[in-house]
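Below is one structure; the comments refer to it alone.
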Ligand code: AMP
């Protein structure tokens, strides 16, 4: 099964992709995570994208298309994948269609997580993750079971994303509405778009996604 999770920053794509990955044994392809790893490693790619990410803008299409093409070609993706953060432009969506067609693969669904802009700012400003394993948390919605200790790996260090600062979030939302939202009619026209209420709690959204997939 090959899926896309679509929605603005803070809609819960990463959280739901992680849950889907665990439940269905799919590979999670988060382009944001890939780029952050590149920045942390100091690679050429990382140096190129660092300032773009810090400003809240989008990395050029060709860079992203090459990154995903290489990743999808790896053997673990044959069991199915969840794209989280890609595609983000019509050009990327068209390139993905061509990549999948060349491999004889299809998209089983594009799941939109629909959330109001006002809620996104609050969601984003409260989120943080484990510095060691990357598990995601939130000041209000998903605290570690034991305060200050990661549920997944027991580490005690946490980090907040640089681009989760309020001034950058505004640019990221603007990029979403201008460049990514046109993908909603793009996938609707292809009959693969399913919308769930991303304003609901994590478990409720998870249930809605399972319902949608049962009918896919
Ligand atoms: P995310 O973790 O998905 O919010 O992505 C963080 C940042 O990485 C974005 O604000 C962009 O600068 C960059 N990025 C991630 N995925 C893409 C993509 N598919 N196209 C362009 N830029 C991307």
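Assorted remarks:
- Extension gain, residue 178 to residue 106, is 23.3 nm, computed as 0.36 nm per intervening residue step minus the present C-alpha separation.
- Centroid-to-centroid separation of segment 56-77 and segment 15-54 [C-alpha atoms, Å]: 10
- Stretching the chain fully between residue 119 and residue 40 yields a gain of 25.5 nm (0.36 nm per residue, less the alpha carbon separation).
- Extents of segment 11-168, taken as max minus min of Cα coordinates on every principal axis and listed largest first, are 48, 35, 34 Å.
- Candidates 93, 189, 166: whichever shows maximal mean-square fluctuation once the chain is modelled as a Gaussian network with Cα springs under 10 Å: 189
- Put the Cα centre of segment 183-216 next to the Cα centre of segment 124-174 and the gap is 25 Å.
- Within the listed set 123, 190, 24, the Gaussian network model of the chain (springs between alpha-carbon atoms below 10 Å) gives the highest mean-square fluctuation for 190.
- In this simple spin-label model, placing a label point 7 Å from the Cα along the Cα-to-Cβ direction at both residue 22 and residue 143 gives a separation of 2.0 nm.
- Relative contact order of segment 73-216, pairs being alpha-carbon contacts under 8 Å that are 6 or more residues apart, as %: 32
- Build a GNM of the chain with springs between Cα atoms under 10 Å apart, and of 60, 87, 75 the one that fluctuates most is 75.
- Simple spin-label estimate for residue 162 and residue 1 gives 3.7 nm between the two label positions (7 Å along the Cα-to-Cβ direction from each Cα).
- In this simple spin-label approximation, residue 98 and residue 62 carry label points 7 Å from Cα along the Cα→Cβ vector, and these lie 1.2 nm apart.
- For the chain, adding -39500 (n - 2.57) for each run of n ≥ 4 DSSP H residues and dividing by the number of residues yields -14000 deg cm²/dmol at 222 nm.
Read-outs: derived from the displayed coordinates by stated rules, not from any lab. Computed from a predicted structure; not experimentally measured. Glycine gets a Cβ as well: all are built from the backbone with ideal geometry, and neighbour counts include every protein chain shown.
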